[in-house]
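**Student:** To start, I am sharing the structure in question, which I have written as structure tokens.
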Amino acid sequence: MDYDPPFLETYNTLLQGANNISDINDHKSSMVQKCDEIPLIDLKRLKLSHLEREECMKEISEAARKWGFFQVVNHGVSQEVLERMHFQQKEVFRTSFVIKSQENFLNLPSRSYRWGNSFATNPKQFMWSEALHMFVPDLAKMIHHHKSLRSTIEDFVTVVTPLAEKLVEILAQELNIKFNYFQKNCSSNTCYLRLNRYPLCPFPSKVIGFLPHADSSFLTIVHQDHIGGLQLMKHGNWIPVKPNSQALIVNIGDLFQALSNGVYKSVEHRVIAAEKVERFSMAYFYSPSIDAVIESYATPPLYKKFTFGEYKDQIMKDVKEGGDKVGLSRFLL
């Protein structure tokens with residue numbers, strides 16, 4: 001396909017070693033466990049009786065504490081918007097790779113389009129995927145003949161931002177954290193989107209679709225297609241997140257784990273490489289401005305105080321030096 005990134009050609013030397021390494025699940029500590037399913041929460045209950053609302057809020061908080069992941073239905077994002085997003089996402093990724101890899105693709109900032117992992121030092125750090133990474137304010141720069149993509153993304157952002165704010169307000173309330181902290185530091189203009197595509201991979205058990213990581217956000221809202229492949233780590237096992245066409249996936253990010261002093265869990269997750277059918281997903285990251293201060297709300301604090309800008313700088317340093325993100329453990333006291 002002329003739109004597939006040249007994984008084999010560009011990273012031939014690195015990928016030659018893939019045949020000589022064990023499968024990604026060979027170690028006992030990383031076996032895939034299929035019996036558990038992440039919590040599924042019906043947000044319609046937030047509009048019912050006081051008791052129903054209180055119970056729903058407790059379920060959200062409990063899922064954030066015990067799992068760091070949950071799915072929501074009746075979330076307010078219509079199937080029509082999600083289907084349009086999926087269609088536009090396919091269209092943009094099926095643009096010729098020569099065009100996608102140009103610095104001014106879609107008139108977005110450089111490195112908005114990404115693929116593989118240019119900092120990988122071994123086959124297990126390589127990612128068989130491509131992504132379009134967009135800060136919401138940059139949508140206004142998107143070139144005219146992609147106005148359908150732009151308008152669809154804007155429609156999605158319009159409905160997913162209030163959902164993120166509602167969930168964050170509930171989680172903050174459960175810990176007696178004032179919601180005005182988020183109102184001051186976060187808005188749709190500080191958040192970003194990542195559209196992901198996982199092309200077919202010739203050796204899916206040897207390389208990863210997306211590296212194990214925790215998110216650089218307060219909260220992430222994800223929609224995945226029917227293919228599956230997202231897995232989260234729980235008790236030393238990888239738990240597959242079963243696709244649900246009616247649900248959105250919500251997960252806690254590093255910033256909320258630090259702010260909550262470890263009460264809410266930012267859980268490591270990954271995406272396995274696609275074997276038979278390409279996979280698509282989209283993620284909305286509820287994040288603050290770069291000068292926002294992240295400080296544990298309780299004492300004694302587990303994490304030192306840091307700004308979001310300092311956090312991002314540390315991530316980039318780790319990726320450049322070691323090929324992978326280290327994350328929140330860098331900020332432990």
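**Student:** Could you list all residues from region 262-287 that are more than 16 Å from residue 182 (Cβ to Cβ) and assigned to a strand (DSSP E or B)?
**Tutor:** Hits for region 262-287 are 269, 270, 271, 272, 274, 279, 280, 281, 282, 283.
**Student:** Please give the number of the condition residue 333 fails out of (1) more than 12 Å from residue 216 (Cβ to Cβ); (2) surrounded by fewer than 22 Cβ atoms within 10 Å (Cβ to Cβ); (3) touching a helix residue (DSSP H, G or I) at 6+ places or on another chain (Cβ under 9 Å).
**Tutor:** (3)
**Student:** Right, here's the next one. If you check residue 126 against the conditions, is it at pLDDT below 95 and under 18 Å from the mean Cα position of the chain (by Cα)?
**Tutor:** yes
**Student:** Further, regarding this structure: Need the failing condition index for residue 83 against (1) without any contact (Cβ under 8 Å) to a residue 60 or more places away in the chain; (2) in a helix (DSSP H, G or I); (3) touching a Lys or Arg at 6+ places or on another chain (Cβ under 9 Å), just the number.
**Tutor:** (3)
**Student:** Further question: Given the condition among the basic types (Lys, Arg), in a loop (DSSP other than H, G, I, E, B), farther than 25 Å from residue 61 by Cα and under 18 Å from the mean Cα position of the chain (by Cα), answer yes or no: does some residue in region 313-326 qualify?
**Tutor:** There is at least one residue in region 313-326 that is among the basic types (Lys, Arg), in a loop (DSSP other than H, G, I, E, B), farther than 25 Å from residue 61 by Cα and under 18 Å from the mean Cα position of the chain (by Cα).
**Student:** Report yes if some residue within region 122-132 is touching a residue at least 40 places away in the same chain (Cβ under 8 Å), in a strand (DSSP E or B), surrounded by 13 or more Cβ atoms within 10 Å (Cβ to Cβ) and not aliphatic (A, V, I, L, M); otherwise report no.
**Tutor:** Among the residues of region 122-132, at least one is touching a residue at least 40 places away in the same chain (Cβ under 8 Å), in a strand (DSSP E or B), surrounded by 13 or more Cβ atoms within 10 Å (Cβ to Cβ) and not aliphatic (A, V, I, L, M), which makes the answer yes.
**Student:** Could I ask something else about it? Is it the case that residue 20 is over 25 Å from the mean Cα position of the chain (by Cα), at pLDDT below 95, of a type outside the set (Ser, Thr, Tyr) and more than 28 Å from residue 259 (Cα to Cα)?
**Tutor:** yes
**Student:** Let me ask something additional. From the list 26, 42, 4, which one is of a type in the set (D, E, K, R) and modelled with pLDDT under 90?
**Tutor:** Within the list 26, 42, 4, the selection yields 26.
**Student:** With the requirement that a residue be part of a strand (DSSP E or B) and either farther than 15 Å from residue 222 by Cα or under 18 Å from the mean Cα position of the chain (by Cα) (or both), what does region 61-80 give you?
**Tutor:** Passing the criteria: 69, 70, 71, 72.
The values are calculated or read from the model by the stated rules, or taken from the named source; none is laboratory data. Remember, predicted model here, so these are calculated numbers, not experimental data. Here the Cβ is made from the backbone with ideal geometry for all residues, glycine too, and neighbour counts use every protein chain on show.
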